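Quick one: the structure is below, questions incoming.
Read the figures in this text as sums done on the coordinates, not as results from a lab. If you're wondering where the values come from, they're calculated on a predicted model, not measured in any experiment.
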Amino acid sequence: MATIPSTFFRDGNRVPITNNGIITTKTITFDGATTDAWGNDGGALDGGVIFTVTGAIRLRLFGLCTTNLAGSGTHAVGISGSTAIYMPAEAAADINADDFVINNATTTAFPILGAESDAAGNFPEYALNGQDIIMTVAGAADLDSGVITYYALWTPFNSDGNLVDAGN
C-alpha cells in the first residue's frame, strides 16, 4: 500500500478540515445615501476590505443576496489591482433576493460547483498570499439599499494562512 505523506489541514483545535475548507461569512447592508457607508460611491468603504487575508490560502468566494439591491451603481468584488476577479461589475438593479452573486457579472439561482472551471456560472477559486478581498462601487452612483451575505470557502496553505471578517 502506498504511503501518503500529506495530511489534512487542521483548524485551531487540530480538528481535520475535510470538506471545502473553512467557511467565513460577512453580511453587508448597503446604504449608499449615507456618507462613507457600504454602497456610497467614492466613500470610505468604496474599495473597502470585506475579508482580511494573511499568509497563503485557497479561496472560493460568492455572495447570496437576501434583499434586492437598489440604486444606479455597480458592485464588484476582487483584490487590489484586480478588483473584479471574484465578482465582476454588476448593476445593482440586476441583483435580487435569492440570487447567487458569482464570477460572470450575472446572477443565478443555481451556480456550477463542479469541474467546469471555464463555465460562466462557476465559483472561481484562487490562491492568494496576503491579498485582502475588497468590494468596489462604480458607475458614478450609489448602491442605495439591499443586503448581500458573502461566503468565503477557504483552506490555508501554510501555518499562517488565515481569512477573517475585516470588521468594517
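How large is ³J(HN,Hα), in whole Hz, for each residue of the stretch 128-135 in order, when computed from phi with the Karplus curve 6.51 cos²θ - 1.76 cosθ + 1.60 and θ = phi - 60°, using x for Gly and Pro?
My calculation for the stretch 128-135 gives 10, 9, x, 7, 6, 8, 10, 10 Hz in order.
Apply the a/c threshold of 1.5 to the C-alpha gyration tensor of the stretch 20-160 and tell me whether it is rounded, prolate or oblate.
Oblate, since a/c reaches 1.5 and b/c is not below a/b.
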